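The values are calculated or read from the model by the stated rules, or taken from the named source; none is laboratory data. In this text the structure is predicted, and so the values were computed from the model without any measurement. Note that we place each Cβ from the backbone using ideal geometry, even for glycine, and neighbour counts take in every protein chain shown.
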Ligand SMILES: Cc1ncc(COP(=O)(O)O)c(C=O)c1O
């Protein structure tokens, strides 16, 4: 008889061991809406780990649109987009999104993760190649793994290494895949150089704008707008679970590319469509991204203020250029301990540890919302100063 398939589960003790120490930071139950403050175990915590960048997840207009969509269409579409699960609201939001980002067409998946799985796995086939930045999001890696194509990676934002890979694979069809804003590092892809190299070697460019849509570019259209290069972004992916205050994922591109993905992406065809409540929320959030630009301006002011303040305390914020400001703290254990003390002091933060980061380079990933007040921000800074000193991360 072979080994019991469950033996790995029985042997798995990392989480239980961490729970025994009191430093387990995961799966905490939020008992309130997701704003700059949340309630956990009956206590208020100031949040510094949310992706609710524009603060729209509890905006009255977004809630109203979500409720109205539920009342009109019910709670579920009970099937795949491909079959019975598409309604007119899905199509309205796809058209609105495509128009917003200046692409011919867009398609709405059930999550951002599904969009990367579905689009990437069907776009790159046998004898074709993904060339991805080493630090792309896990959902991109999963999409590449599901494809029959080959995946090669270049060093993070290193254009010399990218060109080396493009030269090596130039005889094959190639898709360069990067995050617009990198989800842990908070830095921005070097799109001007990527685009130049893509054209030189005949590759296409796919940009995951999960953290950049609504956030950067004068109108919040993301990386393409930020660099004034929207035409050069062959495929744009975005999620609705961050600035758009909902859940769902978009892929936008030329009409024929979207048509191909629509009929070949297994994560669209073989899963149920996004429920009306979520689509209604996206619809209203997209309007607010356009009509309330002050949110984006406020958000970036906050991010810059926090980055400067952390640096003046002695924290290493790496190359952050966005509302994601990672603070390098050292070992996994230091990150877990800092998380615990911050939590007890009233700050809800996120430790990011190995294997998500290299050994010894764990971070506290801080991220900001347009709705953080000065008093929230000062509270966060005061607590990080105290805790950073306590654990010897800053002097
Ligand atoms: C860069 C990036 N891409 C894709 C996703 C997946 O999006 P979703 O969580 O909406 O499925 C995330 C989510 O964290 C992300 O950070």
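If you go through the range 325-364 and pick out every residue that is within 24 Å of residue 188 (Cα to Cα) and buried (at least 23 other Cβ atoms within 10 Å of the Cβ), you end up with 9. Tallying residues that are on the phi < 0 side of the Ramachandran plot and surrounded by 13 or more Cβ atoms within 10 Å (Cβ to Cβ) within the range 68-78 yields 6. Could you please let me know if residue 138 is more than 21 Å from residue 192 (Cα to Cα), at pLDDT 95 or above and in contact with a strand residue (DSSP E or B) (Cβ under 6 Å, 6 or more places away or on another chain)? For residue 138, the condition - more than 21 Å from residue 192 (Cα to Cα), at pLDDT 95 or above and in contact with a strand residue (DSSP E or B) (Cβ under 6 Å, 6 or more places away or on another chain) - is not met. Being over 22 Å from the mean Cα position of the chain (by Cα) and surrounded by fewer than 16 Cβ atoms within 10 Å (Cβ to Cβ): is that true of residue 388 here? Here the answer is no, as residue 388 does not meet what is asked.
Could you pull out the residue among 106, 173, 138, 98 that is touching a helix residue (DSSP H, G or I) at 6+ places or on another chain (Cβ under 6 Å) and either touching a residue at least 40 places away in the same chain (Cβ under 8 Å) or within 16 Å of residue 206 (Cβ to Cβ) (or both)? Outline the logic, then answer.
Numbers: 173 fails: touching a helix residue (DSSP H, G or I) at 6+ places or on another chain (Cβ under 6 Å); 138 fails: touching a helix residue (DSSP H, G or I) at 6+ places or on another chain (Cβ under 6 Å); 98 fails: touching a helix residue (DSSP H, G or I) at 6+ places or on another chain (Cβ under 6 Å).
The conditions single out 106.
Looking at the range 188-199, can you tell me whether even one residue there is within 22 Å of residue 126 (Cα to Cα), assigned by TED's automatic domain parsing to the domain that holds residue 235, in contact with a strand residue (DSSP E or B) (Cβ under 8 Å, 6 or more places away or on another chain) and away from the ligand (no atom under 15 Å from the Cβ)? Yes: the range 188-199 contains one or more residues that are within 22 Å of residue 126 (Cα to Cα), assigned by TED's automatic domain parsing to the domain that holds residue 235, in contact with a strand residue (DSSP E or B) (Cβ under 8 Å, 6 or more places away or on another chain) and away from the ligand (no atom under 15 Å from the Cβ).
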